[in-house]
Amino acid sequence: MTSEEFSFTGERFADLQLLRYQVKGFERLSLRQKLLLYCLSKATLYGRDITFDQQGKYNLRIRKLLESVLAEPSAKQNVREYQALETYLKRVWFSNGIYHHYGCEKFMPEFDKDWFCGLCQRMTPPQQDWEELIPVMFNPDLLPKRVNKQDGEDLILTSACHFYEGVTQTEVEAYYARQKEAFEQSGVGDKNEPPSFGLNTTLTKNENGELEELTWKIGGRYGEALRQIVCWLNKAKDYAESEQQRKVIQLLVDYYQSGDLKDFDRYSIEWVKTHDGDIDFINGFIEVYGDPLGIKATWEGIVEVKDEEATKRTRTISSNAQWFEDNSPVDPRFKKPVVKGVSANAVEAAMLGGEEYPSTAIGINLPNADWIRAEYGSKSVTISNLTHAYSQAAKGNGFREEFVIDKETIDIIDRYGDLCDDLHTDLHECLGHGSGRLLDGVAPDALKAYGNTIEEARADLFGLYYIADEKLVELGLLPDGDAYRSNYYTYLMNGLLTQLVRIKPGHMIEEAHMRNRSLIAHWVLAHADGAVELVRRDGKTFVRVNDYVALRQLFATLLKEVQRIKSEGDYEAARQLVENYGVQVDGQLHQEVLSRYEALNIAPYKGFLNPRMIVETDKDGQPMDVRLDYSETYSEQMLRYSRDYATLI
């Protein structure tokens with residue numbers, strides 16, 4: 001598929017829709033830059049098996065078994081069962097395992113167990129230990145959730161994620177509390193610069209029953225995958241755009257070789273300082289949402305090309321970061337006196353990997369270490385070609401007509417929605433995550449299992465408060481003072497109604513971003529005093545906003561409290577806020593939303609196919625160009641990745 005034949009929509013199955021993203025900035029790059037992208041993309045794709053393993057102990061073996069059975073000629077003799085097997089495998093590919101990528105519940109096979117077992121028995125060569133995998137796949141009560149966040153349960157024992165082995169939540173929390181205490185009392189290093197304890201290890205017990213950490217590094221756990229990643233990072237250094245970029249890549253290599261978190265800090269600091277050039281990347285154990293305790297990081301990778309036009313918007317925001325911090329409604333005690341190193345770019349994704357593939361974020365702010373943010377700043381990106389693909393794929397699907405209360409509001413959303421959504425993402429990533437500070441002595445993980453939700457709420461509220469500020473019109477970021485209404489309406493509609501389509505009947509909300517949106521929307525609804533309400537019309541529920549100005553003040557009040565909770569490490573207040581407003585689901589309203597959504601025939605979840613990078617060479621084997629091929633189907637891409645980038649099975 002050439003760029004002229006490009007289509008944003010790809011295959012659809014189960015509750016999933018595949019999309020394609022176009023890298024328009026690729027053609028303007030030099031051959032050297034294209035080769036840099038190629039090497040970084042290889043380093044991104046080699047992390048795939050790590051993510052599969054982290055998200056479930058049996059995921060890699062199940063994936064290999066399913067791919068082998070699907071290729072068995074006799075499997076096609078039963079068309080219905082074969083199609084169900086094919087769909088199940090596609091879901092496993094999409095979710096990097098047997099657990100839903102968003103809801104975290106185990107999805108069940110819809111093919112017959114005896115039929116599948118018969119195929120396994122007849123396979124040549126025989127599949128090793130396939131009997132052990134059958135109950136994991138077919139028993140809904142065995143390891144039912146990848147990440148469990150239900151208050152009052154042992155979150156480690158009831159979660160199937162593969163960051164811990166043979167340990168309890170109490171043991172984990174006590175182990176890392178001892179590590180932090182020992183660090184503070186050791187006198188080695190600055191106690192205000194603590195490493196992210198446990199970020200890149202599996203915590204288990206040795207043969208003597210003693211707790212020990214298995215470090216993710218070359219020569220340790222995930223060593224072969226990391227060796228391949230390092231191989232391509234080393235090749236990428238030859239094409240680096242600057243000495244600083246080359247230095248950053250080398251520091252990441254050092255970290256993968258040592259597993260030392262101080263090396264990771266050194267890499268993160270230099271990465272934040274790197275601003276020049278058209279190409280950047282994220283590669284590593286980064287986000288902790290996949291761990292119910294928010295300690296262990298899942299592997300992810302993204303390769304990016306700067307979007308020069310859209311970056312004008314993000315640079316305007318970042319250059320005014322101190323103004324936004326100074327004028328925030330939060331208590332002055334929790335503000336940064338001096339905002340350091342805030343940078344923001346709009347980029348085009350060129351390759352997605354690990355936890356960011358096929359489902360990915362549209363905005364990122366890193367690093368996550370609070371002390372690095374405070375001392376060196378942070379770097380934010382909004383991924384413009386992904387948001388554009390979402391927008392193009394949604395045109396004409398009837399969603400707004402079904403869920404938005406009236407034509408006047410639809411017109412506002414049609415006119416300003418895409419602009420305001422991108423701007424809110426910029427504010428969230430660039431300023432929200434980078435704003436505020438912890439009081440002295442407050443541990444970064446003081447909020448424990450609620451920390452991720454509170455942090456996302458803090459960043460969202462920062463964006464919601466400021467998107468209605470006249471400063472954005474003054475800076476030329478919004479055309480007028482009414483544009484923000486589109487963002488307020490769609491945000492509340494999502495938090496109160498439409499995100500429920502991602503929850504199974506009878507389930508509560510557990511994913512951190514969904515909890516965040518629910519928390520904000522339901523808190524505002526409970527305190528709105530008529531500013532916003534849920535109304536019934538023709539048997540359907542709608543959000544009606546009666547006072548947009550009052551809404552902004554409600555967002556300000558909640559932002560002030562959420563920042564206090566974060567800055568003071570008030571665990572109990574965080575727990576109360578999340579549990580009271582972010583978790584529960586109204587069953588009747590939920591069923592209504594599901595029925596309305598089903599009638600629209602829209603897949604509630606979307607993910608992306610990567611372009612394929614192909615190096616073209618001359619007769620002597622020297623590279624002449626790198627081109628992007630968008631024609632690969634979903635199955636072709638996934639089977640190629642399983643064949644070419646398998647390192648752990």
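The values are calculated or read from the model by the stated rules, or taken from the named source; none is laboratory data. Keep in mind that this is a model prediction, so the values were computed, not measured. Cβ placement follows ideal geometry from the backbone for every residue including glycine, while neighbour counts extend to all protein chains displayed. Side chains included, ligands, DNA and RNA excluded: accessible areas come from the protein's heavy atoms. Shrake-Rupley method; radii C 1.70, N 1.55, O 1.52, S 1.80 Å.
Solvent-accessible surface of region 248-302, averaged per residue with a 1.4 angstrom probe and all protein chains in place: 25 square angstrom.
Specify whether the C-alpha gyration tensor of region 134-257 places it in the rounded, prolate or oblate class, a ≥ b ≥ c being the square roots of the eigenvalues: rounded for a/c under 1.5, otherwise prolate if a/b is larger than b/c and oblate if not. Don't jump to the answer; show the numbers that get you there.
Working: a/c = 2.40, a/b = 1.40, b/c = 1.71.
The shape class here is oblate.
So what is the relative contact order of the chain, in percent, for Cα pairs below 8 Å that sit 6 or more residues apart? Computed over the chain, the figure is 18 percent.
Model label points for residue 110 and residue 7, set 7 angstrom from Cα along the Cα-to-Cβ axis, are 2.2 nm apart.
Rolling a 1.4 angstrom probe over the protein heavy atoms with all chains in place gives region 174-247 an accessible area of 53 Å² per residue.
When all alpha carbon pairs of region 360-464 are counted in 5 Å bins from zero, the resulting P(r) reads 2, 11, 17, 19, 16, 13, 9, 7, 5, 2, 0 %.
Of the peptides 614-620, 600-606, how do they stack up when ordered by the mean number of other Cβ atoms within 10 Å, highest first?
Listed from highest to lowest mean packing, they are 600-606, 614-620.
Is it possible to state the helix-based mean residue ellipticity at 222 nm for the chain, with each DSSP H run of 4+ residues giving -39500 (n - 2.57), the sum divided by total residues, to the nearest 500 deg cm²/dmol? What is it? Roughly -14500 deg cm²/dmol at 222 nm, from the helical runs in the chain. Under the criterion of Cα pairs below 8 Å and six or more residues apart, the relative contact order for region 284-433 equals 25 percent.
Placing a pseudo-label 7 Å from each Cα along the Cα-to-Cβ vector at residue 211 and residue 617 gives an inter-label distance of 5.1 nm. Within the accessible area of region 1-105, the carbon and sulfur atoms contribute 47%, probe 1.4 Å, all protein chains present. Each peptide among 10-20, 97-107 gets the average number of other Cβ atoms lying within 10 Å of its residues, and from highest to lowest they stand as 97-107, 10-20. For the cross-link pairs 90/566; 180/237; 64/296; 217/273, the ones whose C-alpha atoms lie over 32 Å apart are 90/566; 180/237. Measuring between their Cα centroids, region 327-402 and region 227-269 lie 23 Å from each other. Residues within the reach of a label modelled at residue 399 (point 7 angstrom out along Cα to beta-carbon, backbone nitrogen below 20 Å), restricted to region 482-500, are 484-500. Cα extents for region 349-388 along the principal axes, largest to smallest and rounded to whole angstrom: 33, 21, 13. Shape of region 467-614 from the C-alpha gyration tensor: rounded (a/c under 1.5, with a ≥ b ≥ c the square roots of its eigenvalues).
The alpha carbon convex hull volume per residue for region 14-64 rounds to 117 Å³. Rounded to 0.05, the FRET efficiency of the residue 78 and residue 142 pair, given R0 = 25 Å and the Cβ-Cβ distance, is 0.45. Computed from phi, the 3J(HN,Hα) profile of region 46-56 under the Karplus parametrisation 6.51, -1.76, 1.60 (θ = phi - 60°) reads 6, x, 4, 5, 4, 4, 4, 5, 5, 8, x Hz, with x in place of Gly and Pro. The peptide list 483-495, 548-560, 210-222, put in order of mean Cβ contacts within 10 Å with the highest first, becomes 483-495, 548-560, 210-222.
If the segment from residue 443 to residue 475 were pulled out straight at 0.36 nm per residue, it would be longer than the present Cα-Cα gap by 7.9 nm. Using 7 Å Cα-to-Cβ label points, what is the residue 327/residue 639 separation (nm, one decimal)? Each label point is offset 7 Å from its Cα along the Cβ direction, giving 5.7 nm. Along the charge dipole of the chain, pointing to its positive end and built from +1/-1 on Cβ of Lys, Arg, Asp and Glu, which listed residue (453, 251, 44) has its Cα farthest out? Farthest along the dipole direction, towards plus: 44. Once the Kirkwood radius over Cα pairs is known for region 1-142, the Stokes-Einstein relation at 10 °C and 1.306 mPa s delivers a diffusion coefficient of 91 µm²/s.
Alpha carbon centre of region 1-66 versus region 91-115: separation in Å? Comparing the Cα centres of region 1-66 and region 91-115, I get a distance of 20 Å.
Extension gain, residue 535 to residue 170, is 126.9 nm, computed as 0.36 nm per intervening residue step minus the present C-alpha separation. Of the accessible area of region 312-399, computed with a 1.4 Å probe over protein heavy atoms only, carbon and sulfur atoms account for 52 percent.
Among the helices of the chain (complete DSSP H runs), which have Cα atoms covering no less than 27 Å along the helix axis and a Kyte-Doolittle mean of at least -1.0?
407-426, 548-568
Based on the reciprocal of the average 1/r between different C-alpha atoms, the Kirkwood radius for region 458-523 equals 13.1 Å.
Excluding ligands, DNA and RNA, the accessible surface per residue across region 530-649 is 47 Å² with a 1.4 Å probe. Divided by 2.2 N^0.38 Å, where N counts the residues, the Cα radius of gyration of the chain comes to 0.94.
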